[in-house]
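Data block below; observations after.
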Amino acid sequence: MPIEREYGVDENAFLVSKTDTKGRITYCNEPFLNIVGVKQGDVLGKPHNIIRHPDMPRVIFKLLWERIQNKEEMFAFIKNKTLNGGYYWVFGNITASLDQQDNIVGYYSVRRK
């Protein structure tokens, strides 16, 4: 359940996460884990949308998936939720990860305050 508690992202932090082609988390860095409030083992293999805040319009994520599946990067302001129900705002860059043959092998996102 969402709660009305905002968490501040450190202005020097980069929140990084990677997913497979289905959107399941394969990697996340320490600043990401800290703001979300989890240990890496608790989120690996889970769908990345576990941090999607219900205030975010679904159409944003429809556009996001269309763009990154076409190997276009996406920039957006995003309200994410922490696993205790709080939230945080970030400016994110999301893009496809490509192999040497230019095939999509996953996606990654780098977010800042």
Quiz item: Which residue out of Tyr88, Tyr108 is at pLDDT 95 or above, in a strand (DSSP E or B) and closer than 18 Å to Thr19 by Cα?
Solution: Tyr108
Quiz item: Taking interchain pairs and intrachain pairs at least six residues apart, which have beta carbon atoms under 7 angstrom, with the first residue in segment 31-57 and under 16 Å from Tyr7 (Cβ atoms) and modelled with pLDDT of 95 or more and the second in a helix (DSSP H, G or I) and of a type in the set (S, T, N, Q)?
Solution: Leu33/Gln40
Quiz item: Any residue in segment 91-100 that is touching a Lys or Arg at 6+ places or on another chain (Cβ under 6 Å) and open to solvent by 40 Å² or more (accessible area, probe 1.4 Å)?
Solution: yes
Practice problem: Would you be able to tell me the number of residues in segment 62-88 that are of a type in the set (A, V, I, L, M, F, W, C) and crowded, with 16+ Cβ neighbours inside 10 Å? | Solution: 5
Practice problem: List every residue pair whose Cβ atoms lie under 8 Å apart, where the two residues are 6 or more positions apart in sequence or sit on different chains, the first residue falls within segment 96-113 and is more than 21 Å from Leu15 (Cβ to Cβ) and without any contact (Cβ under 8 Å) to a residue 12 or more places away in the chain, and the second residue, located anywhere, is open to solvent by 40 Å² or more (accessible area, probe 1.4 Å) and outside any loop (DSSP other than H, G, I, E, B). | Solution: Asp99/Val105
Quiz item: Any residue at all in segment 2-21 that is in a helix (DSSP H, G or I), at pLDDT below 95, at negative phi and not hydroxyl-bearing (Ser, Thr, Tyr)?
Solution: no
Quiz item: Restricting segment 41-57 to residues that are under 17 Å from Phe91 (Cα atoms) and not in a loop (DSSP other than H, G, I, E, B), which is most open to solvent (accessible area, probe 1.4 Å)?
Solution: Asn49
Quiz item: Out of Lys71, Lys79, which single residue is more than 22 Å from Gly37 (Cα to Cα), basic (Lys, Arg) and without any contact (Cβ under 8 Å) to a residue 60 or more places away in the chain?
Solution: Lys71
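The values are calculated or read from the model by the stated rules, or taken from the named source; none is laboratory data. It should be emphasised that the depicted structure is a prediction, and the values quoted were computed from it without experimental measurement. Note that we place each Cβ from the backbone using ideal geometry, even for glycine, and neighbour counts take in every protein chain shown. To get the accessible areas, we keep the full protein, side chains included, count just its heavy atoms, and leave off ligands, DNA and RNA. Shrake-Rupley method; radii C 1.70, N 1.55, O 1.52, S 1.80 Å.
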